[in-house]
Amino acid sequence: MQRQKRINKQRERRAFHTRKRVQGDAVRPRLTVHRSNKHIYAQLIDDERGVTICASSSRVLCGEYGGTVEHAKKVGLDVAEKAQALNIKAIKFDRGSYRYHGRVRALADAAREKGLVF
């Protein structure tokens with residue numbers, strides 16, 4: 001129990017340190033990533049209004065299991081397509097408490113490949 005509390009506090013602290021530098025607005029929304037064991041989720045958020053502009057997840061795109069790098073690439077491409085349909089070309093990337101490698105990096109690279117600038 002104590003170990004889990006300590007791990008959660010460390011995760012919250014890492015996410016806070018990332019998010020205090022990254023604020024999204026209408027011109028450059030924040031692309032936030034959530035990663036679980038089975039899926040990966042991405043959202044574009046306008047922090048000024050407190051609104052989610054668009055979202056994508058491996059749960060919707062890939063079905064029962066979406067926890068691989070290939071599925072993360074699909075999510076990155078999908079969220080980039082949705083952003084471009086809304087005339088959003090530049091974003092701010094919020095990796096949260098996750099390191100920039102593996103699935104998080106694959107999602108970001110796929111979004112860049114599709115034309116998002118960050």
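Taking the stretch 22-38 only, how many residues are part of a loop (DSSP other than H, G, I, E, B) and touching a strand residue (DSSP E or B) at 6+ places or on another chain (Cβ under 6 Å)? So the count comes out to 5.
Provide a single number: the residues in the stretch 55-72 that are at negative phi and surrounded by fewer than 18 Cβ atoms within 10 Å (Cβ to Cβ).
Total satisfying the criteria: 10.
As a summary of the residue check, Phe16 satisfies the conditions (1) touching a strand residue (DSSP E or B) at 6+ places or on another chain (Cβ under 6 Å); (2) of a type in the set (A, V, I, L, M, F, W, C); (3) not in a loop (DSSP other than H, G, I, E, B) except for the one numbered (1). Counting only residues that are among the small types (Gly, Ala, Ser), touching a residue at least 40 places away in the same chain (Cβ under 8 Å) and part of a loop (DSSP other than H, G, I, E, B), the stretch 66-114 holds 2 of them. Among the listed residues Leu44, Leu86, Leu61, identify the single one that is at pLDDT 90 or above and within 13 Å of the chain's Cα centre (by Cα). Exactly one of Leu44, Leu86, Leu61 is at pLDDT 90 or above and within 13 Å of the chain's Cα centre (by Cα), namely Leu44. In the stretch 1-26, the residues that are under 18 Å from Tyr98 (Cβ atoms) and surrounded by 13 or more Cβ atoms within 10 Å (Cβ to Cβ) form Cβ pairs under 6 Å with partners that are of a type in the set (S, T, N, Q) and modelled with pLDDT of 80 or more, at six or more places apart or across chains, as follows: Arg11/Ser97; Arg14/Ser97; Ala15/Ser97. Considering only the stretch 32-50, I want to know if a residue exists there that is surrounded by fewer than 16 Cβ atoms within 10 Å (Cβ to Cβ) and among the hydrophobic types (A, V, I, L, M, F, W, C). Looking through the stretch 32-50, none of the residues is surrounded by fewer than 16 Cβ atoms within 10 Å (Cβ to Cβ) and among the hydrophobic types (A, V, I, L, M, F, W, C). Taking the conditions exactly as written (more than 25 Å from Phe16 (Cβ to Cβ), of a type in the set (A, V, I, L, M) and in contact with a strand residue (DSSP E or B) (Cβ under 7 Å, 6 or more places away or on another chain)), does Val117 satisfy them or not? Yes; evaluated as a whole, the condition is true for this residue.
The values are calculated or read from the model by the stated rules, or taken from the named source; none is laboratory data. As the structure is a computational prediction, the values presented were derived from the model and not from experiment. All Cβ positions, even for glycine, are placed from backbone atoms using ideal geometry, and neighbour counts span all protein chains on display.
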